[in-house]
Amino acid sequence: MGDPIGGELALVRRTARRFLSDRAPIARTRNEYEADALMDRELWREMGSLGWLTLLADGDEIGIRALGAIAEELGAVVCDQPVLMANIVSRAVARLGSADQRDLYLTPLAAGELIATTDLGAADDVALEATPIANGIRLRGEVIVERGDEADVILVTSKLADGRIARLLVPARTAGVCATRLSPLDFGRRYARLSFDDVTLDPGDLLGDPGDDEGDMRLATALICAESLGAAAKAFDITLAYMRTRVVFGRILGSYQVIKHRLTDMSLWLETSRAVTEAAVDALAVGDPAAVELTRVAKAYVSEKAPFVARDCVQLHGSIGFTWEHDIHLYLRRIEANALILGDVDEHLRGIADLVMARAEAVP
Amino acid sequence: MTGASDRQVMEYAAALREWLREHAAPYRRPEGPIPPRSATGEDAAFAEARRFQAELHAAGYAGITVPREYGGQGLSEEYQRVFDREASGYRFPSYLLDVSVNICGQVLLAYGSDEQKTRHVRRILSGEEVWLQLLSEPSGGSDLAALVTRATLDGDQYVLNGEKTWSTSAASADFALCPARTDWTVPKHQGITVFIVDMRSPGIEIRPIKQIDGEMEFCQEYLTDLSVPAANVVGTLNGGWTVVRGLLEIEHRWSGRRTTGRRAPGDVRWLTALAAQAGRDTDVAARKLIASVHVQLRAHELLTARVTRAIANGELNAGYGALLKLSNDALVQRRAEVALALAGARAVAWAPDDAEAARPARSFLNSRSASIAGGSSEIQRNNFSERALGLPREAAADRDIPFDEVLHDLVRGEDARA
């Protein structure tokens, strides 16, 4: 993202790109999906050794920027490893966790010995009920979690009777938790439904106090924008390359005016997506209060325009873009799914209206 | 021009801020939209513009990078940037002379003879002379090089006949840069000569153009047997396209500079007020419209900052500048469309002398020019795809054909074949 720390971010980006093209190119995402394979724990450990899984545990400024750059590279290969979610969990544990929780989880998380993910529980959308009981906390309901059936620990969001949000670290294979693998739109995001049928969790599994909010959702939202940006930029590059070589009616496709104009509009959406995403990530990195508005602007913009780019990429490929074998639909799937999670366009526009119209009306 | 030390620049900035406080306080940039300029009744505005330009020049703030021998201060770009930054919070009355000072003056410096530069540049910088560029013609459209204003040599004078259009404030100008065709037997780019034209000559008739929103911000000029001395050729005979290209490049760079100096492009207060007036400020659809304009405003602001920076440091090629015009034009139009939608019935009919009530309809109509003027959106897209993406240029039917053999506007009923 923004690079005030010299060439460090450029180095992070280059390293990420090289590592992913070597160990986790898009072909791997496709193969793993078609084989319905489980996560490659060796790859996960390698990501750990690169420092990718606990970038946010030491503080935000450099970590958030680095993770933003990595998120773009993950998007560019439609990576199927839950790197972003793992970082959200490790950050939450580092900031809110008890000494026991930090001892138990942080080091193995960092090393990639543990897989940790979290649901994307939006405050008005939480489907899990939590009730404090004599020997712990009882959970009832369902959540959908990335790699929920494979993770070693899952940070779930639940609601108490009084409406406060309580988050809990649920170890895998907790009695009463039933995981069902789901079919995903996005080849690289594998979800499972976790059903909690009166599951009792230890009080020590509660993360922080009910109502604690360290801005995880906002952070995840900005990082998802960075991921979509990376995917859209790569899809565009692939499409532009095709437009330079594909010949129809004796001319390369890229010489037709309508194609040139289409590619220009796509470039505008891409460059603007980059500008709004960078602004949101930078604001979050330095703790600027404008991050609240900027993240909503980024998600609202990218959720609308990145799909436009991806859909046009399919269109410009013609019928070959409609084949399973061509990679372009993997990008489409990632970008469309990202637009629908962590608040879609409408949800963020509602939030923006609340912010800016109140501001406007306040002016005498 | 020598480089400046940090301390010199800081001292310059401090002195400038002091001068602005003393002399420019009434001109702090106002909130809200800039009222449209009218082509008629401009005399007072131009008199004020010339007066302030003279003040700027006397204080050493006009022509900062222009060589001293031609009336400037001969300082480096750095000082110009300081001025741009400090001045960005103001709207000087001399903004009416922006084209004159920043485009025409710079074209003369780049392409004019020593005599022309000596005679005119100082006077341009001081506001004594107001200059105009006469590029657009009614028949030309986006095809600037297809101009048909004729210049014929008669002794030591050229005689010009033709029409120019979409000029701002022609009635207030003293001189103009006027491209005309001096050779019809060669391809269009090769037969153009740029002339300095005295706008007060007989032989120039200026008429205001009435726009779809009722305003008259521009003029059309009719040149009839206009005599121009041969010494008024800028550059070389038939070498005028180089000068025109140079002018466009100067214009492009200057508007890029203005964009960076400018503050944020506004907010949604007006739209919110319109919604409230219509009792729709709690309406979900209306709130979504307003929020979407806010997103577009922020997005444009952030895009401008990013692209400007990236072009300056070489990350993106200069062709990416076209995205800024596309983004700005889309924003201007969308905001006006949303205002119209929110105003609803109130934009269909309003009390006759209520300027505020007229705003939604007027600004909507006025906004239609955003995607046409200054290089249409279609041209911007052609340019971007060719310069930034490196895609093949448009096929042109007239590139290498003698101009007098090229197809012009068809008269109804005639066959399309030449």
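The values are calculated or read from the model by the stated rules, or taken from the named source; none is laboratory data. Because the structure is a prediction, the values reported are computed rather than measured. Neighbour counts run over all protein chains shown; Cβ positions are idealised from the backbone, glycine included. SASA here: full protein model, heavy atoms, side chains in, ligands and nucleic acids out. Shrake-Rupley method; radii C 1.70, N 1.55, O 1.52, S 1.80 Å.
Looking at residue B:309, is it surrounded by fewer than 16 Cβ atoms within 10 Å (Cβ to Cβ), within 14 Å of chain A (Cβ to nearest Cβ) and assigned to a helix (DSSP H, G or I)? For residue B:309, the condition - surrounded by fewer than 16 Cβ atoms within 10 Å (Cβ to Cβ), within 14 Å of chain A (Cβ to nearest Cβ) and assigned to a helix (DSSP H, G or I) - is met. Does residue B:326 count as closer than 16 Å to residue B:370 by Cα, open to solvent by less than 40 Å² (accessible area, probe 1.4 Å), of a type outside the set (Val, Ile, Thr) and facing chain A (nearest Cβ under 8 Å)? Yes: the conditions hold for residue B:326. The set of residues from the stretch B:218-247 being of a type in the set (Asp, Glu) and either loosely packed, with under 15 Cβ neighbours inside 10 Å or part of a loop (DSSP other than H, G, I, E, B) (or both) comprises just one member, B:225. Residues in the stretch A:212-258 that are more than 30 Å from residue A:160 (Cβ to Cβ), away from chain B (no Cβ under 13 Å) and basic (Lys, Arg): A:234 alone. The residue list B:314, B:266 contains one member that is over 30 Å from residue B:111 (Cα atoms) and either more than 25 Å from the chain's Cα centre (by Cα) or in a loop (DSSP other than H, G, I, E, B) (or both), which is B:266. If you check A:264, A:323, A:295, A:272 for being hydroxyl-bearing (Ser, Thr, Tyr), more than 26 Å from the chain's Cα centre (by Cα) and crowded, with 19+ Cβ neighbours inside 10 Å, only one passes: A:264. Can you find a residue in the stretch B:352-370 that is within 12 Å of chain A (Cβ to nearest Cβ), buried (at least 16 other Cβ atoms within 10 Å of the Cβ) and at pLDDT 95 or above? Looking for residues that are within 12 Å of chain A (Cβ to nearest Cβ), buried (at least 16 other Cβ atoms within 10 Å of the Cβ) and at pLDDT 95 or above, one finds none in the stretch B:352-370, hence no. Strands (runs of 3 or more DSSP E) fully within the stretch B:101-217 that include at least 2 residues being more than 19 Å from the chain's Cα centre (by Cα) and crowded, with 22+ Cβ neighbours inside 10 Å: B:157-168, B:175-181, B:192-198. The residues of the stretch A:323-345 that are more than 20 Å from residue A:191 (Cβ to Cβ) and touching a helix residue (DSSP H, G or I) at 6+ places or on another chain (Cβ under 7 Å), listed by number, are A:326, A:327, A:328, A:345.
Only a single item in (1) closer than 20 Å to residue A:345 by Cβ; (2) more than 10 Å from chain A (Cβ to nearest Cβ); (3) open to solvent by less than 60 Å² (accessible area, probe 1.4 Å) is not met by residue B:337, and it is number (3). Exactly one residue out of A:242, A:256 is surrounded by 18 or more Cβ atoms within 10 Å (Cβ to Cβ) and aromatic (Phe, Trp, Tyr), and it is A:242.
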